[in-house]
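Engineer: Could you have a look at this structure, given as structure tokens, before my questions?
The values are calculated or read from the model by the stated rules, or taken from the named source; none is laboratory data. Because the structure is a prediction, the values reported are computed rather than measured. So basically every Cβ, Gly included, is an ideal-geometry build from the backbone, and we count neighbours across all protein chains shown.
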Amino acid sequence: MSAAPRSPGRLARLLDSDIAYSFLHSPVALPSALVALLCIGGALLAPWIAPHDPFDLAGLNLLDAFTPPVFMPEGRLGFLLGTDDQGRDLLSTIMHGARISLLVGFSAVLFAMTLGVAIGLLAGYVGGSLDAVLMRIADIKLTFPTILIALLIDGVVRAALPRELHDRVALPVVIFSIGFANWVQFARTVRGSTLVEKNKEYVQAARVIGLHPLRIMASHVLPNVLGPVLVIATLNLGFAILAEATLSFLGVGVPPTQPSLGTLIRIGNDFLFSGEWWITVFPGLALVTMVLSINLLGDWLRDALNPKLR
Amino acid sequence: MGAAQPKGVHMSVLRSLSRALVAAAFGLALAAPVEARTLRWSASGDPNTLDPHSQNLGTVTMILGQVYEALIHRGQNLRLEPGLATAWRTVEPTRWRFELRRGVKFHDGADFTADDVVFSIGRARQPTSNYGIYVNTIDRVEKVDDFTVDIVTKAPDPILPNKIATVFMMDQGWAERNSATRPQNTRDREEMHTVRNTNGTGPFRMQTREPDVRTVLVRNQAWWGWANPAHNSNLTEILYRPISSDATRIAALLSGEVDFVLDPPPQDIARLRGNNAVRVVEGPEVRTIFFVMDVDRAELLYSDVKGRNPFKDIRVRRALYHAIDINAIQRVVMRGLSVPTGTLFPPQVNGHAVEEDVRLPHDPAAARRLLAEAGYPNGFEVTLDCPNNRYINDEQVCQAVVAMWARIGVRARLNAMPLQTYFPKIQRRDSSLYMMGWGVPTLDALYSFQGLIASRDSPVGGGASSWNFGGYSNAEVDRLVGMMVSETDQAKRNAAIRQALRLYREDVPQIPLHHQVIPWAVRSNVQITHMANNQPDMRWTRID
């Protein structure tokens with residue numbers, strides 16, 4: 001009696017796919033995924049695994065300030081990467097800072113993606129004058145550097161709101177301004193894919209049976225245009241984190257009470273000349289590592305999903 | 001005809017060209033002095049106004065002091081010297097007579113006369129003035145003739161010349177033409193002509209003013225004082241640029257982009273000392289940094305304590321004081337460049353008493369006990385307002401203190417901001433707890449007591465120019481300040497100052513931190529004299 005032929009499980013199917021093969025055999029994908037996972041994991045778990053709590057002011061000791069990293073002569077085991085000007089453990093501060101950076105990055109990309117996909121779908125599917133108008137808006141938007149737009153939105157909100165509210169709204173404002181600066185890429189890509197998809201038979205069939213256009217867009221076209229969106233989202237995540245760091249470095253990003261990596265780099269910048277290089281170099285390295293690994297992962301994903309490159 | 005026309009055109013072009021050339025050459029000859037020497041100067045903050053009587057702030061007066069002059073100048077050692085007045089004496093106990101310098105002209109060409117003195121002192125006495133503290137003993141100013149003025153005080157005022165040395169003289173006609181006969185109200189951020197324009201008699205005149213970007217002063221060749229060999233400046237131009245980032249400011253100095261940094265951050269001093277291209281000009285500053293608590297309101301702003309004000313309780317004030325480890329701040333934040341203190345002003349000031357310069361010890365346990373006794377066993381929440389571009393490492397000091405207070409349970413939220421928003425905020429009394437630094441230009445105790453400690457509404461208090469925004473009020477202190485105002489017997493007056501300093505120490509109206517030690521940093525080709533009032537004087541600054 002031969003065993004009934006078992007249909008392979010989900011996991012097995014995934015492992016057997018082209019994507020998985022490419023992932024496991026690419027020289028960059030696996031290492032960069034590991035590094036990205038390490039960064040993200042460290043950031044997410046910071047409150048539980050960080051050696052110190054940098055936000056517990058009562059636990060700070062000013063006399064610990066400017067302790068160099070452990071591998072230097074005056075370094076101390078308790079502070080692997082040294083301490084900053086207020087005696088905060090740098091490793092813990094970086095882990096907590098990366099949390100804020102990632103939060104802003106993910107939220108901003110999610111916002112840009114939602115906005116961009118919606119606009120792209122609408123423009124591509126409806127077409128006509130709506131398409132023309134939306135795409136011209138996108139063109140205009142593209143003529144401005146993204147960081148400039150983010151700065152502009154941030155500045156306007158700051159000027160419009162009373163100072164007391166600034167700290168409370170700073171995080172949403174940064175997310176909004178970075179997200180808003182980035183929706184065009186999503187909209188353009190989705191519009192292109194939608195133009196291709198909307199003339200295919202399954203869409204025509206759906207139209208013939210009288211489905212509402214919104215329904216067709218959401219449940220028929222959308223799933224088929226999401227592939228490239230995923231690639232752009234990954235690449236954009238790196239950019240969003242960098243944009244947040246830039247804004248925070250300029251002092252208009254997240255409030256200093258919730259220091260992100262950019263804020264840490266700015267604070268450390270004041271001590272570059274006086275020899276305490278670690279206060280700015282380590283947050284900078286953390287930022288570079290995180291963004292580089294995410295971008296490499298995005299590059300690989302783009303190649304892997306592109307049938308022409310296979 | 002065909003030939004004549006081109007010739008005509010040719011001729012007229014030549015003529016206009018030669019006219020332009022002559023004009024250009026003439027203009028150049030007028031504009032270019034012997035050799036252009038520009039001092040590029042930087043500090044962290046920019047003046048928040050150019051009105052000469054609106055803001056009694058070092059950042060403002062350090063620029064205005066090059067443009068405007070007072071009746072009396074201060075020399076390199078801060079001693080009083082003739083300025084726009086050539087001589088002064090008391091003709092009666094309450095009447096000072098000032099002989100004015102003749103032939104002095106304002107930058108717009110108007111003559112300086114007794115009317116301008118009467119006008120300027122009157123302007124400094126107006127409610128929107130922040131200079132009342134220098135002129136509030138004055139009853140009236142009388143013009144005797146065009147070049148003689150009498151200042152009549154309400155009671156004998158032995159230190160009037162010290163105060164007059166800080167009151168800038170304006171041109172009455174210019175102020176009237178530009179509707180600027182009263183000082184700008186900075187609290188409400190009023191706009192008026194004097195905020196961006198100046199017209200003084202001083203050695204430099206304002207050429208360009210772009211707030212927060214750059215301020216250009218050019219040499220006033222017609223200044224009367226250039227005849228004095230002590231005023232040996234060879235500067236033709238001063239370019240002032242605020243750079244708020246410490247690292248950027250120092251990088252600009254090291255790379256030769258600026259020649260003079262007024263406030264190098266303490267952490268970079270060691271590095272600057274080791275660099276041959278720059279020089280560190282050492283010197284103390286007559287300025288004390290402290291925290292002020294609102295002891296007046298029934299309920300604090302920005303705090304979670306409702307229905308009462310914890311700072312009215314001396315135990316709470318002492319607790320906050322006990323919590324501060326000033327030696328750690330001195331060593332780590334100030335890198336040794338500060339003198340911890342327990343009193344109101346530094347030793348250079350007349351009336352300073354060593355035995356009153358004693359701090360409450362750093363004792364967190366005692367602090368927690370005092371808080372518990374006062375009814376706050378779990379501490380409370382409050383907001384600490386702090387400037388971030390005014391004093392040396394101001395924000396960092398505040399951060400450090402916030403952490404120290406957290407250890408005794410007081411959760412202070414730090415609200416750090418640039419001086420342009422900070423000073424109007426605390427002048428509106430929109431703060432419960434703030435950092436302040438107080439320099440003493442008169443070098444006499446009265447200035448500090450009157451400006452910071454005397455009751456705001458008492459006759460001896462500073463009135464509108466009082467910086468006692470914590471609302472501290474103590475009848476005994478007011479009585480002693482009254483003695484400082486009018487007592488002419490030096491021994492008795494100093495005894496009153498000492499008594500007031502004791503009350504300051506015991507009653508904790510403020511939490512003193514330290515006196516600033518403020519080295520300046522210059523490129524090695526700049527010769528500048530360090531001034532203890534931290535006001536660089538370009539009259540004797542040279543660049544080679």
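Engineer: From the list B:Asp478, B:Asp544, pick out the single residue that is among the charged types (D, E, K, R) and closer than 23 Å to B:Met436 by Cβ.
Structural biologist: The match here is B:Asp478.
Engineer: I need a count of the residues in region A:60-118 that are assigned to a loop (DSSP other than H, G, I, E, B), crowded, with 19+ Cβ neighbours inside 10 Å and either modelled with pLDDT of 95 or more or of a type in the set (A, V, I, L, M) (or both).
Structural biologist: 3
Engineer: Pick out the one residue from A:Ala20, A:Ala36, A:Ala12 that is assigned to a helix (DSSP H, G or I) and touching a Ser or Thr at 6+ places or on another chain (Cβ under 8 Å).
Structural biologist: Exactly one of A:Ala20, A:Ala36, A:Ala12 is assigned to a helix (DSSP H, G or I) and touching a Ser or Thr at 6+ places or on another chain (Cβ under 8 Å), namely A:Ala36.
Engineer: Out of (1) part of a helix (DSSP H, G or I); (2) surrounded by fewer than 18 Cβ atoms within 10 Å (Cβ to Cβ), the odd one out for A:Pro255 is which?
Structural biologist: (1)
Engineer: Something else: Specify the residue that is farthest from the other protein chains (Cβ to nearest Cβ); the eligible residues are those in region B:231-249 that are within 25 Å of B:Arg539 (Cα to Cα) and crowded, with 20+ Cβ neighbours inside 10 Å.
Structural biologist: B:Ser233
One line per residue, one yes/no per condition, for (1) touching a helix residue (DSSP H, G or I) at 6+ places or on another chain (Cβ under 8 Å); (2) within 14 Å of chain A (Cβ to nearest Cβ); (3) within 26 Å of B:Ser244 (Cβ to Cβ); (4) small (Gly, Ala, Ser):
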{"position": "B:Thr341", "(1), (2), (3), (4)": "no, no, no, no"}
{"position": "B:Pro361", "(1), (2), (3), (4)": "yes, no, no, no"}
{"position": "B:Glu373", "(1), (2), (3), (4)": "yes, no, no, no"}
{"position": "B:Asn393", "(1), (2), (3), (4)": "yes, yes, yes, no"}
{"position": "B:Gln399", "(1), (2), (3), (4)": "no, yes, yes, no"}
{"position": "B:Ala412", "(1), (2), (3), (4)": "yes, yes, yes, yes"}
{"position": "B:Pro418", "(1), (2), (3), (4)": "no, yes, yes, no"}
{"position": "B:Tyr422", "(1), (2), (3), (4)": "no, yes, yes, no"}
{"position": "B:Asp430", "(1), (2), (3), (4)": "no, yes, yes, no"}
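Engineer: Out of B:Val149, B:Val195, I need the residue that is surrounded by fewer than 22 Cβ atoms within 10 Å (Cβ to Cβ), more than 14 Å from chain A (Cβ to nearest Cβ) and of a type in the set (Val, Ile, Thr). Which one?
Structural biologist: On inspection, the qualifying residue turns out to be B:Val195.
Engineer: Next question, about the same structure. Suppose we keep only residues that are of a type in the set (D, E, K, R) and closer than 12 Å to A:Asp84 by Cβ within region A:244-278. Which one would you say is nearest to the other protein chains (Cβ to nearest Cβ)?
Structural biologist: A:Asp270
Engineer: Within region B:198-230, how many residues turn out to be surrounded by fewer than 16 Cβ atoms within 10 Å (Cβ to Cβ) and either of a type in the set (S, T, N, Q) or assigned to a loop (DSSP other than H, G, I, E, B) (or both)?
Structural biologist: The qualifying residues number 10.
Engineer: Exactly one of (1) out of contact with any Lys or Arg (no Cβ under 6 Å at 6 or more places or on another chain); (2) at pLDDT 95 or above is unmet by B:Asp150. Its number?
Structural biologist: In the conditions (1) out of contact with any Lys or Arg (no Cβ under 6 Å at 6 or more places or on another chain); (2) at pLDDT 95 or above, B:Asp150 misses (1) alone.
Engineer: Does B:Arg359 satisfy being surrounded by fewer than 21 Cβ atoms within 10 Å (Cβ to Cβ), free of Cβ contacts under 8 Å to residues at least 60 places away in the same chain and either part of a loop (DSSP other than H, G, I, E, B) or among the basic types (Lys, Arg) (or both)?
Structural biologist: So B:Arg359 does not fit the description; no.
Engineer: OK, next. Looking only at region B:181-217, count how many residues are among the basic types (Lys, Arg) and farther than 20 Å from B:Gln66 by Cα.
Structural biologist: Final tally of qualifying residues: 3.
Engineer: Pairs needed: first member in region B:260-273, in contact (Cβ under 8 Å) with a residue 40 or more places away in the chain and more than 9 Å from every other protein chain (Cβ to nearest Cβ); second member anywhere, assigned to a helix (DSSP H, G or I) and crowded, with 24+ Cβ neighbours inside 10 Å; C-beta distance under 6 Å; at least 6 residues apart or different chains.
Structural biologist: B:Val261/B:Arg249; B:Val261/B:Leu253
Engineer: Within region A:279-286, identify whether any single residue is touching a residue at least 40 places away in the same chain (Cβ under 8 Å), away from chain B (no Cβ under 13 Å) and surrounded by fewer than 22 Cβ atoms within 10 Å (Cβ to Cβ), and answer yes or no.
Structural biologist: Checked region A:279-286: no residue is touching a residue at least 40 places away in the same chain (Cβ under 8 Å), away from chain B (no Cβ under 13 Å) and surrounded by fewer than 22 Cβ atoms within 10 Å (Cβ to Cβ).
Engineer: Sticking with this structure for a sec: Taking the condition of being surrounded by fewer than 22 Cβ atoms within 10 Å (Cβ to Cβ), assigned to a strand (DSSP E or B) and out of contact with any Leu (no Cβ under 6 Å at 6 or more places or on another chain), how many residues in region B:508-544 meet it?
Structural biologist: 4
Engineer: Moving on to the next point. Considering only residues that are over 24 Å from the mean Cα position of the chain (by Cα) and in contact (Cβ under 8 Å) with a residue 12 or more places away in the chain, look in region A:219-243 and name the one that is surrounded by the most Cβ atoms within 10 Å (Cβ to Cβ).
Structural biologist: Ranking the qualifying residues of region A:219-243, first place goes to A:Val221.
Engineer: Another one. Condition (residue is outside any helix (DSSP H, G or I) and either of a type in the set (A, V, I, L, M) or under 17 Å from A:Ala245 (Cα atoms) (or both)) applied to region A:145-164: is it met by at least one residue?
Structural biologist: Scanning region A:145-164, I find at least one residue that is outside any helix (DSSP H, G or I) and either of a type in the set (A, V, I, L, M) or under 17 Å from A:Ala245 (Cα atoms) (or both), so the answer is yes.
Engineer: When you scan region B:485-507, how many residues do you find that are under 27 Å from the mean Cα position of the chain (by Cα) and not in a helix (DSSP H, G or I)?
Structural biologist: Summing the residues that are under 27 Å from the mean Cα position of the chain (by Cα) and not in a helix (DSSP H, G or I) in region B:485-507 gives 0.
Engineer: If you don't mind, there's one more thing I want to ask. Taking into account only those residues within region B:152-178 that are out of contact with any helix residue (DSSP H, G or I) (no Cβ under 8 Å at 6 or more places or on another chain) and among the small types (Gly, Ala, Ser), which is surrounded by the fewest Cβ atoms within 10 Å (Cβ to Cβ)?
Structural biologist: B:Gly173
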